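Input: a single structure, listed below in structure tokens.
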Amino acid sequence: MIYQNLVRYFSLAFLFLALSLGAQAQDAKHGKELFLANCASCHNANMKDNATGPALGDVEARWSEFPQEELYAWIRNSQGLIADNSAASQGYAAALYKKWGSVMTPFPALTDADIQDMLVFIQNKYEFGCDSPPCVEAVPTGGEAQGPAKEDNSNTGIILIILAIVLALSTVFLARYINNLNRLAAQKTGAEPVASKSFLQIILNPTLVRLLIFALVLFGGYFTVNNAINLGRQQNYAPEQPIKFSHALHAGKNGIDCQYCHDGARRSKHAVIPAMNTCMNCHTAVKKGPEHGTAEILKIYASTGFNPISMETPNYGAYFSDTVKLEARLAVYEKWLKASNEGMSESDIKTQLAAVPQFIETKKLEDDSELVNTKPVSWIRIHNLPDHVYFNHSQHVTAGKVACQDCHGAVEEMAVVKQHAPLSMGWCVNCHRQTKVKFDENAYYQADYYKQYEEYHKEIQEGGVTVEEIGGLECQKCHY
């Protein structure tokens, strides 16, 4: 009986170890998600270079002379720590704020466990260059690895995996050993002999089978729920668009306001993708870009039917006669390319012209003649909330005065736009918990839309009002 109990204990130990492995991986993933949602817009993701805020790689070492809870307090509310006269790190915190000159967003909802997960992710990224050890350096294509790979001093993950294998093997061998003892005891007492069990019979032991089924149900349920929660969310998704539009050039270097192109953000539910005639407001005159020359601007002309030589645009949206057939358009664009790019090779001209047909569609008539029309640009959507989620841009941009960068990241620095935020329910809820309602100089408040919140308006002086306190966590706000 005691041996059978040992088998059960070993089996349970193996199960709990497997669960701890899954939990460790989940903690590392959780720390990354928290960092990307709360810190990535101001701190460099390589943890080694400064950005709007300092590099975070050695943050724990820099705070090592102070109590750990004060580092946690700094992360939750930096200004609160600076104002705390009893804090040992008050002077250091004040100097840090003075050096960088910007107020760090408070995150009062972060728990100690959340912050610890983030710090582990930050340290792994800083020391090993990956989310969680062990890490293996990539070998350059066509060459050998440059120097020895970085070693993981903790080896926690490897040790746990080895221990899980040892426990599993020990359980099997112990079960076999118990079977042999029972067979020998039966021989000595003259009882009915116990049949020798094969390795497969030991593996299919009812106790082990029940534990395995329990583990499969547990893991299956966890991964099913987790994948359902992440359905449709694609953080860091950055597809290549049909036209290489650089936000870093337009919004960053040239300083074009986001709402000049996405004008729906201030007045409707959708931010809207700008029509190509918005692009033509500038590119009628700007015919050559600093990064791609004429290659991408040619696509704009092809999608609108613009003639860069005659400076004319046909009646947009209508089919045209043989005078503007595809061959005729290509001839115009080829002439323009040669005039705009002295010394451009024939192969480069053909490469640029090869992109034109995807923005043109033709219509065959009964007499086999063709009419030509422009075709809308098939932009690839990056941010796509599930159908059951309601989000109104104007409510956030116009009424809430939320900056585009709060949700979309530093788009003015992105050559290729990516989904910056996780767009999870928790991410939205945390924002509503922390964001102060801007009553002052708010047109909605002045127009009596928010007059019912007069009491909250007065309470701003006593610490502020969060979106949560005015119904920001009601399910119907986002789900309809």
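Here are the numbers for the structure shown:
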{"item": "The range 214-295, accessible surface, carbon-and-sulfur percent (1.4 angstrom probe)", "result": "62 percent"}
{"item": "Taking the C-alpha atoms of the range 38-85, convex hull volume expressed per residue in Å³", "result": "81 Å³"}
{"item": "Kirkwood Rh and Cα Rg combined as Rg/Rh, the range 53-121", "result": "0.92"}
{"item": "Probe 1.4 Å, protein heavy atoms only - accessible area per residue of the range 328-419 in square angstrom", "result": "58 Å²"}
{"item": "Rh by Kirkwood over Cα pairs, then Stokes-Einstein D for the range 207-287 at 1.306 mPa s and 10 °C, µm²/s", "result": "92 µm²/s"}
{"item": "Accessible surface of the range 62-124, 1.4 Å probe, proportion on carbon and sulfur as whole %", "result": "55 percent"}
{"item": "Residue-by-residue Karplus 3J(HN,Hα) for the range 285-300, coefficients 6.51, -1.76, 1.60, Hz, glycine and proline x", "result": "9, 8, 10, 8, x, x, 9, 10, x, 9, 4, 7, 5, 4, 5, 5"}
{"item": "Table column - 3J(HN,Hα) (Hz), the range 206-214, Karplus curve with 6.51, -1.76, 1.60, x for Gly and Pro", "result": "x, 5, 5, 4, 4, 5, 5, 4, 4"}
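The values are calculated or read from the model by the stated rules, or taken from the named source; none is laboratory data. Since we're looking at a predicted model, the values are computed, not measured. Surface accessibility is based on the protein's heavy atoms, side chains included, excluding ligands, DNA and RNA. Shrake-Rupley method; radii C 1.70, N 1.55, O 1.52, S 1.80 Å.
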